[in-house]
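Visitor: Submitted below is the structure of interest, expressed as structure tokens.
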Amino acid sequence: MSRRSKGHAEEHPDERWVISYADLVTLLLGFFIILYATADANQVKMEALARGLAEAFNVGVKEGQAGDSIFDGGTGVIPERNEAGNLDFDLQRVRQLIDEQSLRAGVTGQILVTREADRIVIRLADNLVFPSASADIRPEAYELLRIVAAAVNQTDNEIRVEGHTDNIPLATDKYPSNWELSSARATAVLRLLTEQFGVDPERAFAAGFGQYRPIASNLTPEGRALNRRADIVLLYPAASIANDSTADTNTLPIEESLANPTSEASGTSTSSDTHEDPATSGAGASHE
């Protein structure tokens, strides 16, 4: 009886397609799992998916801040209107508008724009806006305030018009103290902005701070000149700037002496005619 020779089964080269087919099936399975997971999406699943993607790409996701879904679409790279109250967005826009319009009007360097914590401050030197010891706005200041109004009208924020003085006592029949002068100046600016330049009066109010919110020392003529000013302040709710931790330090020059204020307080005072320092009258800040 003859023995049958035993050997290995012959391999067929055309069976290598099985490996590629298995890979394809695996990929399709993963694809349909993702489709199923996203078709019935809820907040828990979306957060889990976001965390999975973040871990895969070594990107951290803060607890409770999953962000906008990539499946929901967006409103554009740069929004036309700052609906979320983004302070930095408004700061850049206000600066750019004031810079451009000041250049066209030939008043470059007379308006300072800065950020102070939870607000944007537009600052005018008092000698540019008011005669000394007076709340009557100079005619040449109208163009400056028109530019300011055009800038604040680009936002929806509450506006506080502030008047500030230095600490030199003022006593006249019309203004018994710096309180009255600063309040009168703030009101005068507010009325001009709302009655002539289209600022919504329902979102604006005036405040006189007298000498009690200085931005520089009142011990020097230069410091007192800085403290005499008018501020137009855009206010922001705390929630809208929760992620902003530092104040902006870049400003538009108001005048050479205003480029480096010695403190960051939000307000200062305005002084009277008889107490202004002649040597620094060109660098004073305005009353509101």
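Visitor: With the crude spin-label approximation of a point 7 Å out along Cα→Cβ, what separation in nm comes out for Leu35 versus Phe197?
Guide: Once both label points are built, they end up 6.0 nm from each other.
Visitor: What length, rounded to one decimal in nm, is gained on full extension from Gln96 through to Leu235, with 0.36 nm per residue of separation minus their alpha-carbon distance? Numbers along the way, then the final one.
Guide: On the way: separation 139, 0.36 × 139 = 50.04 nm, distance 1.89 nm.
Answer, rounded to one decimal: 48.2 nm.
Visitor: Given the peptides 123-130, 159-166, 206-213, arrange them by the average over their residues of other C-beta atoms within 10 Å, most packed first. Numbers along the way, then the final one.
Guide: Values: 123-130: 26.9, 159-166: 30.4, 206-213: 21.5.
The densest-packed peptide leads the list: 159-166, 123-130, 206-213.
Any read-out appearing in this document is the output of simple, stated calculations on the displayed coordinates, not a laboratory observation. Just so it is clear, the model here is predicted, and its values are computed rather than measured. Note: ideal-geometry Cβ built from the backbone for every residue, glycine included; neighbour counts use all protein chains shown.
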